[in-house]
Amino acid sequence: MYRLEVFDPAMCCSTGVCGPEVDPSLVRFAADLEWLAQQGVEVRRYNLSQEPAAFAGSELVKRAIEDNGIECLPLVTVDGRLLSMGAYPSREQLAKRTVEKVRLPLGQSSCCTPKPDGSSCC
């Protein structure tokens, strides 16, 4: 099972439905994370304003903030490896690093999708 961690910037909530305007990217991403959890991926999400210890406890996150500033958030990792920085990844990007990788047939690489003629780009 994969572990996906999201390190959000400081905000009042991660759903995107709080405050005067709804942020559609947060609503989409929250739905994507729920979908991942239903696929068996362990999902953890940390908000800088509510859980600063999670940020301080991750060397990768601390280094990214030191090198790039707070603008590097949101930062998303899979099993401790960087998936994205500065933007929320799409469901497709999330699935490629978690769900689809698990479900590939034996002997098939995750580096590309087979072409319609059955050949592979790998």
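Side notes on the structure shown:
- Taking amide H atoms as placed 1.01 Å from N in the peptide plane, the amide H of SER84 lies under 5 Å from those of VAL76, each 5 or more residues away in sequence or on another chain.
- The gain in end-to-end length when the ALA56 to CYS13 segment is fully stretched comes to 13.5 nm, 0.36 nm per residue minus the alpha carbon separation.
- Segment 1-61: C-alpha gyration tensor shape, a/c 1.5 cut-off, then a/b vs b/c: oblate
- Where a label projected 7 Å from the Cα of SER25 along Cα→Cβ would reach, residues of segment 61-80 with amide N under 18 Å: 65, 68-77
- For GLU34 and ALA87, the FRET efficiency from 1/(1 + (r/R0)^6), where r spans their Cβ atoms and R0 equals 22 Å, is about 0.70.
- Backbone amide hydrogens, once placed in the peptide plane, bring ARG45 within less than 5 Å of VAL6, excluding anything fewer than 5 places away on its chain.
A short reminder: the numbers here are calculations on the coordinates, not readings from a lab. As the structure is a computational prediction, the values presented were derived from the model and not from experiment. As a convention, Cβ positions derive from the backbone with ideal geometry for all residues, glycine included, and neighbour counts pool all protein chains shown.
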